[in-house]
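What follows is a short report on a single structure.
The values are calculated or read from the model by the stated rules, or taken from the named source; none is laboratory data. Predicted, not measured: the structure shown is a model, and the values here were computed from it. Cβ sites come from the backbone with ideal geometry, for glycine too, and all protein chains shown count toward neighbours. Surface accessibility is based on the protein's heavy atoms, side chains included, excluding ligands, DNA and RNA. Shrake-Rupley method; radii C 1.70, N 1.55, O 1.52, S 1.80 Å.
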Amino acid sequence: MYINKITLALVGIGLAACGANEHNSTEDLNVLPTYLGTISSKTYDGTTDDLLTAGLGATGLAGATPAYADPANPTAAELRRNAIHANYRAVLDINVNSGYGTLYGPNVDAKGAIGSGQGMIAGTEYIAYSDDGTGNQNVTLMVQVPNGFDINNPCIVTGTSSGSRGVYGAIGSAGEWGLKNNCAVAYADKGSGNGLYTFDDDSVNQQNGVRATRTAAGKNAIFAPALSDADRTAFASSSPARIAFKHAHSQQNPEKDWGKVTLQSLEFAFYVLNEKYGVLAKDNKSHIVRLTPKNTVTIASSISNGAGSALLAAEQDTKGLIGGVAATEPQVQPKAATGYTVRQGGVNVTGQGKALFDYSTYAALYQPCIASTAAAPGRCTALAAKGLLTGADLPSQQADAKARLKAYGWLVDSDILQAAHSGTNILVAVTYANAYGKFSVTDKVCGFSFAATDVTGSPVAFTAAQKASSFATQSGIIGSVVYENSVGGAKAYNFGVSPSSTLADQSLDGFLCLRSLATGVDPVTGGALGATLAAQSARVKAGMAEVAATGNLHGKPAIIVQGRSDTLIPVNFASRSYVGLNASVEGGASKLRYIEVTNANHFDSFTNALPANIVPLHVYLFRALDAMLANLRSSAVALPPSQVVRTVPRVDNTTLITVANVPPIAAAPGANAITVTGTTVDVPN
């Protein structure tokens, strides 16, 4: 493998700067986008190391976390390897019974054939920051170009990271599909990637993941909070062991730019490809553009937050960079909940078009009750005491909690997964409150902060090894949610006792506070908020407005896939409503298709872990991408119609999932068709 550096000084030459005697009028020079800094590149041979598995192969990805030679000082190569290992497993179930190695996985080729090899893919990886020159944004962009890239039949797929993950977050989803199909893959960490800042030693992650002091890293830091040295020192002293991370504490609301940075990743890909395959211009320095959106298939893709980013990018695409969209379980927030109607089985659904912070704060109240046990019923008891639950005993209170969630818009299909998501929505609610309101880490909004915690729930400092490996091990939301206002002192939220309670109520007062930021009123009394909370609520709502989707895909073909059992991003709030909003904006010009998959949920890692016998949604992402690629390469190949795909759960989790469990997307769905008539979306039961 080799490493090189391409700098602005070498290639920052525009066509306007070239004299007429140097270039003829047909030459279009390849110009580095102004927002890109230094580009690092590395080539992998596909044997000792590779683009998809970091040299681990299919077997290694399914195996234990690789060890570091020196855990206190992992190398950049080791961090990359472990980041790929962690991120691949985070979005996929690598259990054989769930289909790993037979339905999906590195050894399963682009046509679905099972191979005996390890599925390693040779090629070159390019990484750069997108920034305004200050080092305060530093969105990581990456382009992987497999050796099999066909210059005569070129394609690019985006892989913006899911969740709050780093730049390798989509390696197992859109990344794997793109590489297997010999496409270049354009990744972005969305400005919410693995930027852990620790106050005790003033240290940060650099672009390659290696830790350094903030001073030593300089503008190469993924993230450092915008605080003076005095404020950092004071916070470290008053709040020992607390940490800051980029998504929550950048004070930039990175989600507002997720569409933009996805488009930037495509521009980066075109730049890289034209440097690699374009011929030299007459100045023997610049390259002539060979690949453009007009002769290259481009698909915006990914899952969850990355899928939402793909849709936002398509909405914001003024340069024609995107040919089509194929995405699953998008975290997308329609700008309006009215002007369209969503029906299931002929009955209007509840909760259409709700915003993420709205429904995550609602879930953060009730899902912990559903997860409660007879030995620790505190959340249920505390909600009942405030008049927010009914029932004289734990089972009846839990039943009421489920009923309230369904009345808010969750489907009955989510019931069995509600308890499993309680911790997830806690993280979402606290992280996005900070992000949308652009609060500082020192604000401790609603009494919450983040830190590692011990078995008693008390904050403890990250060890040197934990900090050193954080780039590879953290999901972008880092540490535990700590409730600063807990009786007796700060505790992890699940240990927290609210000041208004004598129970271990899992910090209910803090989550009622977050709920008030979403609604603008007191969640218990319905009364007006005090001045401080009202101002914070206004800030959060302003941030929420910045991320709302317009629904206008400008006639681009698009396929959205979502699991009907999705409990984190319920279908009524997101995909179904986006289809309705799109219909109200584009009408008959829309080329959007919606595929709803029964028995599939948001986390494929649950597939083999729960008694729900959930099927993997991942296979439908690949099928949607296959369909979109075929359509973009030949208009004679029609997109599949919108439909419900009815999967077949296994009897138990010891049975191997086969294609019989996950039937194909139908060319003629018949009674399973999802129809759009005017602005009414009809989904069959």
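Observations, loosely collected:
- In the stretch 335-352, the count of residues that are within 21 Å of the chain's Cα centre (by Cα) and open to solvent by 10 Å² or more (accessible area, probe 1.4 Å) is one or more.
- Some residue of the stretch 19-37 being at pLDDT 95 or above, out of contact with any Ser or Thr (no Cβ under 9 Å at 6 or more places or on another chain) and surrounded by fewer than 15 Cβ atoms within 10 Å (Cβ to Cβ): yes
- Residue among K246, K260 that alone is of a type in the set (K, R), out of contact with any Asp or Glu (no Cβ under 7 Å at 6 or more places or on another chain) and within 19 Å of L321 (Cα to Cα): K260
- Put simply, of Q418, Q474 the only residue that is under 27 Å from the mean Cα position of the chain (by Cα) and closer than 24 Å to A83 by Cα is Q474.
- Considering residues of the stretch 628-667 that are polar (S, T, N, Q) and over 20 Å from Q562 (Cα atoms) only, the residue surrounded by the most Cβ atoms within 10 Å (Cβ to Cβ): N631
- Any chance V91 is at pLDDT below 95, open to solvent by 40 Å² or more (accessible area, probe 1.4 Å) and hydrophobic (A, V, I, L, M, F, W, C): no
- Of all residues assigned to the stretch 389-402, at least one qualifies as being assigned to a helix (DSSP H, G or I), closer than 25 Å to V540 by Cβ and without any contact (Cβ under 8 Å) to a residue 60 or more places away in the chain.
- Within the stretch 589-627, being part of a helix (DSSP H, G or I), surrounded by fewer than 24 Cβ atoms within 10 Å (Cβ to Cβ) and at pLDDT below 95 holds for S605, F606.
- Across the stretch 534-555, the number of residues qualifying as hydrophobic (A, V, I, L, M, F, W, C) and buried (at least 18 other Cβ atoms within 10 Å of the Cβ) comes to 5.
- Scanning the stretch 267-281 for residues that are out of contact with any Cys (no Cβ under 9 Å at 6 or more places or on another chain), of a type outside the set (F, W, Y) and touching a residue at least 24 places away in the same chain (Cβ under 8 Å) turns up E267, A269, V272, L273, N274, E275, K276, G278.
- L312 vs. criteria of a type in the set (A, V, I, L, M, F, W, C) and in contact (Cβ under 8 Å) with a residue 60 or more places away in the chain: yes
- Residues located in the stretch 251-302, provided they are in a loop (DSSP other than H, G, I, E, B) and hydrophobic (A, V, I, L, M, F, W, C): V279, A281, V289, L291
- Scope the stretch 353-376; condition open to solvent by 30 Å² or more (accessible area, probe 1.4 Å) and of a type in the set (A, V, I, L, M, F, W, C); matching residues: A371, A374, A375, A376
Matching residues to (1) part of a helix (DSSP H, G or I); (2) more than 28 Å from R646 (Cβ to Cβ); (3) touching a strand residue (DSSP E or B) at 6+ places or on another chain (Cβ under 6 Å):
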| site | (1), (2), (3) |
| --- | --- |
| P499 | no, yes, no |
| S516 | yes, yes, no |
| V524 | no, yes, no |
| G543 | yes, yes, no |
| H554 | no, yes, no |
| V561 | no, no, yes |
| V585 | yes, yes, no |
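- Single residue of D150, D202 found to be touching a strand residue (DSSP E or B) at 6+ places or on another chain (Cβ under 6 Å), open to solvent by 10 Å² or more (accessible area, probe 1.4 Å) and not hydrophobic (A, V, I, L, M, F, W, C): D202
- Any hit, the stretch 172-187, residues being under 24 Å from H249 (Cα atoms) and either open to solvent by less than 10 Å² (accessible area, probe 1.4 Å) or at pLDDT below 95 (or both): yes
- Checking each residue in the stretch 221-266 for being of a type in the set (S, T, Y), touching a residue at least 40 places away in the same chain (Cβ under 8 Å) and out of contact with any Leu (no Cβ under 9 Å at 6 or more places or on another chain) picks out S239, S250.
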